[in-house]
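Written below as structure tokens is the structure these notes are about.
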Amino acid sequence: MASYFFRDYRRFYATGEAGIRSKPRLNLRYEAIFGENKDLFEGARVLDIASHDGRWSMAALACGAKSVVGVEARPEMVDHAMANLEHYGQDPDRFRFIVGDVHEVLGSEDLEVDVVLCLGFLYHTLRFNELLHGIRRTGAHHLILDTQARRMLDPEPYVRLHREASQRIGTAKADVYTVGASVLTGRPNLAAIELMLGCYGYEVERLSDWPRLLADNPDVSGCPDYAVGRRITLRCRNADDSAA
Ligand SMILES: C[S@@+](CC[C@H](N)C(=O)[O-])C[C@H]1O[C@@H](n2cnc3c(N)ncnc32)[C@H](O)[C@@H]1O
């Protein structure tokens with residue numbers, strides 16, 4: 001059964017926007033992202049892409065990470081993240097949040113980490129090559145992706161284009177390529193994700209077992225996308241373990 005991780009960190013129910021449609025959903029996401037990958041975090045240096053209110057940075061530290069760096073484009077969300085981690089007594093030497101566009105930050109900062117979290121972000125961009133190149137530059141041996149993946153079983157790789165309104169917290173933030181209020185984004189299916197990962201030296205190790213998580217927690221509502229495989233959680237590893 002779900003451990004309800006966020007019962008001990010209730011501030012995240014109030015400060016987060018994305019995923020707060022249902023508290024059980026947030027807690028079950030914790031099981032899929034961390035519960036099934038606990039072995040990755042002890043002593044690890046972690047990069048949290050699109051760190052929002054610091055929820056997953058907090059979870060990484062609680063799972064034994066040595067340090068975490070969050071990158072988030074919206075300064076008000078970084079304020080929440082800082083306040084949340086301070087509130088929960090985290091050592092300020094173990095966490096840092098950078099305000100900025102993740103593609104720019106990955107290109108300009110020399111971040112060296114062991115594990116990258118890319119949760120709820122891949123479908124908010126079309127700049128996949130910059131993103132994956134930046135992830136590879138960190139030298140991470142593992143990447144955890146939590147993302148939408150329509151037509152997951154379709155063997156043909158494709159990316160469905162979207163025009164995303166950028167004003168709402170939780171959506172794509174306008175970047176240097178944005179004209180007006182909409183950001184051009186794309187949603188790759190699983191075949192496209194695998195293809196892109198392969199180009200940057202990563203491969204899917206396994207998918208989190210959402211069918212089992214949902215079967216074990218029948219009271220949890222708010223996960224229809226995970227239930228039908230329209231959203232998935234992937235554990236990926238650096239296939240040659242020599243990223244530079
Ligand atoms: C759907 S939320 C995901 C939050 C969290 N990672 C999760 O999975 O629950 C997307 C987050 O990405 C942030 N974001 C959007 N565009 C960004 C960009 N170009 N660089 C960094 N963060 C961005 C948003 O501000 C928001 O906090």
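From the set of residues in the stretch 90-121 that are assigned to a loop (DSSP other than H, G, I, E, B) and within 8 Å of the ligand (Cβ to nearest atom), which is nearest to Ala32 (Cα to Cα)?
At the first step, the residues of the stretch 90-121 found to be assigned to a loop (DSSP other than H, G, I, E, B) are 90-91, 100-101, 109-114, 120-121.
Narrowing further to those that are within 8 Å of the ligand (Cβ to nearest atom): 100-101, 120-121.
Numbers: Gly100: 27, Asp101: 26, Gly120: 13, Phe121: 16 Å.
Filtering the stretch 90-121 for residues that are assigned to a loop (DSSP other than H, G, I, E, B) and within 8 Å of the ligand (Cβ to nearest atom), the one nearest to Ala32 (Cα to Cα) comes out as Gly120.
Which one of these does Leu213 not meet: (1) more than 16 Å from the chain's Cα centre (by Cα); (2) under 23 Å from Glu72 (Cβ atoms); (3) assigned to a helix (DSSP H, G or I)?
Result: Leu213 fails condition (2) only.
Please give the number of the condition Glu130 fails out of (1) crowded, with 20+ Cβ neighbours inside 10 Å; (2) closer than 17 Å to Gly198 by Cα; (3) within 13 Å of the ligand (Cβ to nearest atom).
Only one criterion in (1) crowded, with 20+ Cβ neighbours inside 10 Å; (2) closer than 17 Å to Gly198 by Cα; (3) within 13 Å of the ligand (Cβ to nearest atom) is unmet by Glu130, namely (1).
For the stretch 122-139, how many residues meet the condition of being in a loop (DSSP other than H, G, I, E, B) and either touching a Phe, Trp or Tyr at 6+ places or on another chain (Cβ under 9 Å) or of a type in the set (Val, Ile, Thr) (or both)?
Result for the stretch 122-139: 4.
Determine if the stretch 1-16 includes at least one residue that is outside any strand (DSSP E or B), modelled with pLDDT under 95 and within 9 Å of the ligand (Cβ to nearest atom).
There is at least one residue in the stretch 1-16 that is outside any strand (DSSP E or B), modelled with pLDDT under 95 and within 9 Å of the ligand (Cβ to nearest atom).
Run down Leu106, Leu122 and say which single residue is under 22 Å from Asp225 (Cβ atoms), touching a Ser or Thr at 6+ places or on another chain (Cβ under 9 Å) and among the aliphatic types (A, V, I, L, M).
Leu122
Enumerate the pairs (first residue in the stretch 181-207 and in contact (Cβ under 8 Å) with a residue 24 or more places away in the chain; second residue anywhere and among the polar types (S, T, N, Q)) with beta-carbon separation below 7 Å, excluding pairs fewer than 6 apart on the same chain, so at least 6 apart or on different chains.
Here the result reads Val183/Ser166; Thr185/Thr125; Arg187/Gln148; Gly201/Asn238; Tyr202/Asn238; Leu207/Thr233, each pair linking the stretch 181-207 to a residue that is among the polar types (S, T, N, Q).
Which numbered condition trips up Arg206, out of (1) away from the ligand (no atom under 16 Å from the Cβ); (2) assigned to a loop (DSSP other than H, G, I, E, B); (3) in contact with a Leu (Cβ under 9 Å, 6 or more places away or on another chain); (4) not hydroxyl-bearing (Ser, Thr, Tyr)?
(2) is the only condition that Arg206 fails.
Could you check Gly201 against (1) crowded, with 16+ Cβ neighbours inside 10 Å; (2) under 23 Å from Cys223 (Cβ atoms); (3) not acidic (Asp, Glu) and say which number it fails?
(2)
Residues checked against (1) of a type in the set (D, E, K, R); (2) at pLDDT below 95; (3) within 20 Å of Arg235 (Cα to Cα):
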site: Arg29; (1), (2), (3): yes, no, yes
site: Ala32; (1), (2), (3): no, no, yes
site: Ile49; (1), (2), (3): no, no, yes
site: Asp53; (1), (2), (3): yes, no, no
site: Leu61; (1), (2), (3): no, no, yes
site: Glu72; (1), (2), (3): yes, no, no
site: Glu76; (1), (2), (3): yes, no, no
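Could you give every pair whose Cβ atoms fall below 9 Å, whose first residue belongs to the stretch 160-173 and is under 18 Å from His80 (Cβ atoms) and within 8 Å of the ligand (Cβ to nearest atom), and whose second residue is assigned to a strand (DSSP E or B) and among the hydrophobic types (A, V, I, L, M, F, W, C), counting only separations of at least 6 or pairs across chains?
Pairs found: Thr171/Ala165; Thr171/Val183; Lys173/Val183.
Of the residues Leu40, Leu26, Leu47, which is within 19 Å of Ala81 (Cβ to Cβ), among the aliphatic types (A, V, I, L, M) and away from the ligand (no atom under 11 Å from the Cβ)?
Within the list Leu40, Leu26, Leu47, the selection yields Leu47.
Does the stretch 148-161 contain at least one residue that is at pLDDT 95 or above, buried (at least 16 other Cβ atoms within 10 Å of the Cβ), aliphatic (A, V, I, L, M) and not in a strand (DSSP E or B)?
no
The values are calculated or read from the model by the stated rules, or taken from the named source; none is laboratory data. Keep in mind that this is a model prediction, so the values were computed, not measured. Note: ideal-geometry Cβ built from the backbone for every residue, glycine included; neighbour counts use all protein chains shown.
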